[in-house]
Structure formats: structure tokens, C-alpha cells
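Notes follow the structure.
The values are calculated or read from the model by the stated rules, or taken from the named source; none is laboratory data. What you see is a predicted model, and the numbers here were worked out from it, not measured in a lab. Please note: Cβ atoms are built from the backbone with ideal geometry, for glycine as well, and neighbour counts cover all protein chains shown.
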Amino acid sequence: MSSFTIENIYGIGSFRLCASFPSSIKSNETSDSYTYESVLNGCIQIYNYSTNERIFFEHVYDDIIVVMLYNEYINEILTCSYSGKIILWSNNYQKRFIEQQTRIDHVHYGCWTQDGSTIYLCSRFDGTLISLTYDSHHHSLTENWLRHWATPRNDLEKIHPAIEDSISPINIAEKIETSSTYVAGSIGYEFVICTAIRRHLFAILQRPHEHVHIHKLNLHDGHLIDDLKLDHARTNQTFLCGTVKTYHDKNTGKEYFAIGLQSGLIFIIDTDPLQIHSIINATGTPQAIIWWNSYLLTIGYISSIINVYSLDGSFIASCNDAPATAVCHLQWNSDEQDLLWIGGYMGLTLVRLELCLSRPPSPDGRVMFTILNTSVDETLSSISLTTLLHRTLHETAGCGLYTENNEILSGDLSGNIFQWAINDAKPKQHIQIPDSVRCFISKNLVGTLSGALYNIDNQEIIEDFKTTIICSVWNTNKTSCLVGLGNGTLINLQTKKIIGLHENNAEIWSVCLSPNEELCATASEDQTTCIWKVDQEQELIARLTGHTTAVTGVQWKSERIYTCADDRTVRVYNTQSNLYNCLYVLHTPKSLFGWFTLTYLQVDEEQKLIICTTQNGYLVIWRDEENSLPILCKKIHFGSLEGLSYDKDIHRIVTISSDCTVTSLRLHIA
């Protein structure tokens, strides 16, 4: 097996409903410094946004962190990885009290009871919910029960055998029902919440083409007590978000939580008895909701719309000043609930929120007075929002990489281009072009979705191909560059000769040169890899077939050609005597749930390594051997991997993702 060390990750944070929090909640002291402790794929980052300095960074897991919570009662921090490994930390990350693998995989949500005694984890793709007891005095973690949404209790041990001194997650892919349909949250338990007062436990169940259900479960054994079907929603309105805490109404003694579905449909749920209290049709397509004292606050995903509703579902107020950063994470800075952190895939924002009487704004734009705890006519209310800080780097899906020595260039679909040093959290340079970056042709040449080739030094267009520039390759002397285009054309950048053209103008996704640089290979949407004569126009030497979907990557090393494709396989072809026959096929492991494709490919000939990335965030590495199983398969990004660079001399892998982060890691080869 191989392992790796993450050198750096460039990004604001990998925010989720149950991951990341402001440092202020760990202290009762008031501070003018705004510091946030966030997940950054498999790392923990603490960043002081007042001074714009990273003050802590640690590679913790080899896969992504999906849970990161602070518990005020016991003053400890909980993290859990996608593969189900739990770590309990001291409040400054200097001590690890517990480091333990649970017997579930593909964890996506976690809940920690207010007293710190119980941890609940949901596994999306195998449909399970696990309960664990944490003894903070003796630092011990024990399993209470494991519930599968549909599997009888007697069969659970066959699906999830108990773990004894195991450091690897259990592979259950072939033992339970799964879905090949890519619908987020369609497999099993999506969300879990425990009441603070009455200690009731509720889990949100989502199945394909069925209504969302709320299960009330027995705290002690996980047995189903009650089942509430949300049949007011359509079957295609899947779960998106929930309040991570309940709201306790001191007047009635009742507790409530809220969950949000697609199209802005929000249910406020009475926990005892389990029933719908009110239904809200929120505008702005919110994917993050939070209690604001006795109100429910919703923020649109990218719409900038904030709405406030009362407990009975009545509309209170709205404004259009929220950040449009793919919002998925909300945290109050303190119990005062006046400063709200808004996290999204594209950035982090801190705002001051006040609910005010509707009247003309003061000349300086400040709020005139607050009515949060005052009895007023709520129909006259409005929201005042003041942005205190706003941080973004890549603002939309990252796309395109260029690496040279210890420097990295990365682009995105908003036209942002950042230059990074390996050991610095802040970019050395930021350039923005008026087009979407698709690939880097060289350090100063960028290909775009529109087909324009930009010189980023002077921001001039030096060529316009009128179709997307997808890939390129230079010869060793850097005198000739071949460019693959979205219309299936392979063109010589210097001579403008058309070297190759795929049938039906199918996109060219990847191009490489043969070792002697007399031939080249193009991987295409038409499911083929074509071999062309480099110094001729459209002289086709061979057409490699076998893949059943688009071929996305190609590499030519010595007497072998390697390809990867949307069909999730790597094919290895023999080039001896110009036979171009397939030697063998390598498959991705079945533990990679859901729909995905292989996106990029690199080959280390000396170490006999085949390196691939996937559209669901995995890094997969095989030995270049027939019947080889992956020696490394880790989910290192939350989003699709849209760029891969490899330096064989120092075994450095650099990736860029649609989650707006760039990762640099060093591979350790066993």
C-alpha cells in the first residue's frame, strides 16, 4: 500500500452543516479578532481573518473530514472522516484523546449530544446510522448500536462485522442495496438530530423516488418508534439541510427542529409528539437554515436572499444582501446571535444581522435600532445586514493546473488565476481574465471555454479557436505545441496545421506525444484513442477501441499507451510492432459508491504507477500490472477533480477540484 502527506491545500474551507466553527465559541472572552476553525478536505485549518494569517494547519486524515464539532460542555473537539475514523481532540488540537475506526464507511453527517456523551454518524451510501458512547473522563468510545434503514438487526453483523484493532474501513459495497443513480441523499439516512431537553432522536430517511421520512428512534437500541412521512412534498424533493440544533420554546416546553427540501420547502417539526408544526415555501433555494432566537433564518444557495420566518411559518422579513457563495454552512459567532458566519463552497463571510422596524435608512446606512426582543408588529420588520469580512479565492469550479518547481498556477470558471508557493497559504499573485479558464497551455498561456487563448501577462488574446480549448502537449524542446479542441480538432499551435480530427467532431479530452515525438495520441468523447503522425495533416495511424464511454485521459510511456475513461476503467495498450492491442484492463474498486467517471491520468514509468482522479473526488493509484488492485484509493476532495499534475522526481501530486480548492501532496511509495 502507498500513503501520502498533504503539503498544502489552497482554499477557504470545505464547509458542511456539521463541519467548522468560529474560535469564539470556545471562549467566553470578547475578542476583536475573527478566527475560524475549518475543515479543508483532509486537513484542519485555523485562520485569523482579522490579520489574514493562517495560524494552524495539520494534515489529519488521508480522506476528507465530514464532521468537525466543538462541545462546550466537555470542552473537546470531534472530527470524523469520510471513511468513519473518529478523533476526539483537546480544544487546541494538541492532544488526541481518542483515535478510533468505526465500522461504517462513507460517513457524511454527524451529531454530538449537548452533554458530549453520545455521537451519531450517518452513512449515506450504505444507509446506516451508528450510535457511540463517549466517556470524556476515561477517554473511551464504545458502540451502542448500529441501525440500517431496512436490514433486520440479525443481519447487521454480516453487513458490518465488528472491528477489532482494524485501521481500515469495512468494504460493504457488495453486501447491501445501493443505487447507481447520482442523486445526493437518495440512499438512506441523511441527517440526525437529538433533542436537548427530552433526549428524543430523529433521523431523516431519503430513498430514490420516495417521500422523505422522519424516523423517531429509541435512544438505547435504535429501534423505530415512529415514522412521519412528509407527503406534502413531492417524491423528487430530496433533503438538503436541517437545523443542527433544536429550538426550545420556554413558554410551552416544546422542542422543534427544521429540515429543508429542494425547491425551498421547509418543514418545522414538533418533536413530541412527532408531527409537522408548520410548512414554509422559502424563496432563494436555501441549502442552509439556522435558528435566530425564536425565528428560522434561511439563506439562498447562490441567490443572495435571506428570509426570516416565525415558528408558525409566517413570513417576517427578507433582504437580498447575502453572499452568493454556494452557501451550505451557518454558525453564530456567539450566543448573542448578532454576528453570523456564512460558509459556502466559494468562500466565507461574516455579517452583522439585525431585525429592524421598516423606516428610511439613516444617511450613513447604519441600523437605527433593534427589535429582536421587543413586542412589535412583525409585518413591519426588515433585516439589516452589514458585511464585516468576505473571503474568497477560487469563486467557481476550479479548472486547469500548471506546476513548475515549487510554484502552482490554478484557474477557475470565473476567470480567476492564482499563483501559489508550496509553503504559503496566501496566493503570490491573482489575475482575472474575462473568460472561463479551461486549461493552461504554458505558464503564461491559458485556454478558455470560449476558445480564446490568453497571454495572461498582458491579458491579450493571441488566438481565437471559436471552440473550447481542452488540452495541450509540448515537445521536449518547447518549439511545438499540439492543442486539443472541443470540436474534435488537434491543431499545431505554431503552424496552424490540423494534425488530427475525430469523427463527428467529438471533443478531444487529452493529448500526449510518443517517446520519440513522431506520433501523438488523442483521447476523445467518441470512445476512441487515435494515433496520428505529428508532422502530417490528419494522417491516422491507428484507432484504439475498447472503452464504452468517453476516453478522458491518455499517456504514452515507452512501448505502452494508457487510457482512462468515463466507464471507470484504465486500459493498457501495447505499441510494439505497431500492434496497439489491449494488454489488460484495470478497474476502479466497487467501494466507490454513486455515479462517477475517471477524469485525469498520469503514469510514473520508473515506479510502475498509474495515477487517476475521479469525478467524485477520489485519487486512485494502481501498480502497472495485470489484475492489479488499487494500492491507494482515497477521497481527497469534496468535488470533482478537474486537474492533475505529477512530478515523478519528487512524487508530488497536485489536484484542483470543483470544490474550489487546490491540493499539493507527496506520495510515499511502499
Exercise for review: Go through the stretch 239-256 residue by residue and tally those that are outside any strand (DSSP E or B) and crowded, with 20+ Cβ neighbours inside 10 Å.
Suggested key: 3
Exercise for review: Can you confirm whether the stretch 515-522 contains a residue that is over 30 Å from GLY617 (Cα atoms), surrounded by fewer than 19 Cβ atoms within 10 Å (Cβ to Cβ) and either without any contact (Cβ under 8 Å) to a residue 40 or more places away in the chain or among the hydroxyl-bearing types (Ser, Thr, Tyr) (or both)?
Suggested key: yes
Check your understanding: If you go through the stretch 434-447 one residue at a time, how many are under 17 Å from TRP509 (Cα atoms), out of contact with any Phe, Trp or Tyr (no Cβ under 6 Å at 6 or more places or on another chain) and either without any contact (Cβ under 8 Å) to a residue 12 or more places away in the chain or not in a loop (DSSP other than H, G, I, E, B) (or both)?
Key -> 4
Point to revise | Residues within the stretch 498-514 that are of a type outside the set (Gly, Ala, Ser), outside any strand (DSSP E or B) and touching a strand residue (DSSP E or B) at 6+ places or on another chain (Cβ under 7 Å), tallied | key: 2
Study note, to complete from the structure: By residue number, the members of the stretch 71-101 that are farther than 24 Å from GLY639 by Cα and buried (at least 20 other Cβ atoms within 10 Å of the Cβ) are ASN71, GLU76, ILE77, LEU88, TRP89
Review point. On the given criteria, is TYR189 modelled with pLDDT under 95, within 30 Å of TYR70 (Cβ to Cβ) and among the aromatic types (Phe, Trp, Tyr)?
Key: yes
**Study point:** Any hit, the stretch 223-245, residues being of a type in the set (S, T, N, Q) and touching a residue at least 60 places away in the same chain (Cβ under 8 Å)
**Key:** no
Practice item. Return the total of residues in the stretch 311-334 being assigned to a strand (DSSP E or B), of a type in the set (A, V, I, L, M) and closer than 18 Å to SER263 by Cα. Key: 1
Review point. If SER117 satisfies every condition in (1) modelled with pLDDT of 50 or more; (2) buried (at least 16 other Cβ atoms within 10 Å of the Cβ); (3) under 26 Å from ILE259 (Cβ atoms) but one, which is the exception?
Key: (2)
Revision key, fill the gap. The residue that is nearest to HIS277 (Cα to Cα), considering only those in the stretch 302-327 that are surrounded by 21 or more Cβ atoms within 10 Å (Cβ to Cβ), in contact with a Gly (Cβ under 8 Å, 6 or more places away or on another chain) and not aliphatic (A, V, I, L, M), is ASN307
Study note, to complete from the structure: So the strands (runs of 3 or more DSSP E) completely within the stretch 59-153 holding 2 or more residues that are within 20 Å of the chain's Cα centre (by Cα) are 65-71, 76-81, 85-90, 107-112, 118-123
Review point. So is SER472 surrounded by fewer than 20 Cβ atoms within 10 Å (Cβ to Cβ), of a type outside the set (Asp, Glu) and under 25 Å from THR613 (Cα atoms) or not?
Key: no
Point to revise | Residue in the stretch 528-567 that is farthest from TRP622 (Cα to Cα), counting only those that are surrounded by fewer than 24 Cβ atoms within 10 Å (Cβ to Cβ) and small (Gly, Ala, Ser) | key: ALA542
Check your understanding: For the stretch 625-641, what are the residues that are over 19 Å from the mean Cα position of the chain (by Cα) and of a type outside the set (Asp, Glu)?
Key -> ASN627, SER628, LEU629, PRO630, ILE631, LEU632
Review point. Would the stretch 269-277 turn up any residue that is surrounded by 22 or more Cβ atoms within 10 Å (Cβ to Cβ) and touching a residue at least 60 places away in the same chain (Cβ under 8 Å)?
Key: yes
Exercise for review: Can you tell me which residue among LYS466, LYS443, LYS428 is over 30 Å from the mean Cα position of the chain (by Cα) and basic (Lys, Arg)?
Suggested key: LYS466
Check your understanding: Mind checking which residues of the stretch 589-606 are of a type in the set (D, E, K, R) and surrounded by fewer than 18 Cβ atoms within 10 Å (Cβ to Cβ)?
Key -> LYS590, GLU605, GLU606
Point to revise | Matching option when the condition is surrounded by fewer than 20 Cβ atoms within 10 Å (Cβ to Cβ), in contact with a Gly (Cβ under 9 Å, 6 or more places away or on another chain) and not in a loop (DSSP other than H, G, I, E, B), among ILE461, ILE431 | key: ILE431
**Study point:** Subset of the stretch 368-397 (residues that are modelled with pLDDT under 95, closer than 30 Å to LEU445 by Cβ and either surrounded by fewer than 16 Cβ atoms within 10 Å (Cβ to Cβ) or not hydroxyl-bearing (Ser, Thr, Tyr) (or both))
**Key:** GLU395, ALA397
Check your understanding: Considering ASN416, ASN406, ASN423, which residue is on the phi < 0 side of the Ramachandran plot, free of Cβ contacts under 8 Å to residues at least 24 places away in the same chain and more than 20 Å from the chain's Cα centre (by Cα)?
Key -> ASN406
Check your understanding: Taking the stretch 190-211 only, how many residues are within 25 Å of the chain's Cα centre (by Cα), touching a residue at least 60 places away in the same chain (Cβ under 8 Å) and surrounded by fewer than 20 Cβ atoms within 10 Å (Cβ to Cβ)?
Key -> 0
Practice item. Specify which of the listed residues (PHE15, PHE21) is among the aromatic types (Phe, Trp, Tyr), out of contact with any Pro (no Cβ under 6 Å at 6 or more places or on another chain) and surrounded by fewer than 23 Cβ atoms within 10 Å (Cβ to Cβ). Key: PHE21
Practice item. Would you check which residues across the stretch 212-222 are part of a loop (DSSP other than H, G, I, E, B) and either without any contact (Cβ under 8 Å) to a residue 12 or more places away in the chain or within 18 Å of PHE125 (Cα to Cα) (or both) and list them? Key: VAL212
Exercise for review: Say whether the condition of being aromatic (Phe, Trp, Tyr), surrounded by fewer than 23 Cβ atoms within 10 Å (Cβ to Cβ) and assigned to a strand (DSSP E or B) is met by at least one residue in the stretch 577-588.
Suggested key: yes
Check your understanding: Is it true that LYS497 is charged (D, E, K, R) and either more than 22 Å from ILE417 (Cα to Cα) or surrounded by 20 or more Cβ atoms within 10 Å (Cβ to Cβ) (or both)?
Key -> yes
Revision key, fill the gap. Picked from the stretch 133-155 (must be in contact with a Phe, Trp or Tyr (Cβ under 9 Å, 6 or more places away or on another chain) and surrounded by fewer than 19 Cβ atoms within 10 Å (Cβ to Cβ)), the residue modelled with the lowest pLDDT is ARG153
Review point. Could you say which residue among GLU537, GLU525, GLU559 is among the charged types (D, E, K, R) and touching a Lys or Arg at 6+ places or on another chain (Cβ under 8 Å)?
Key: GLU537
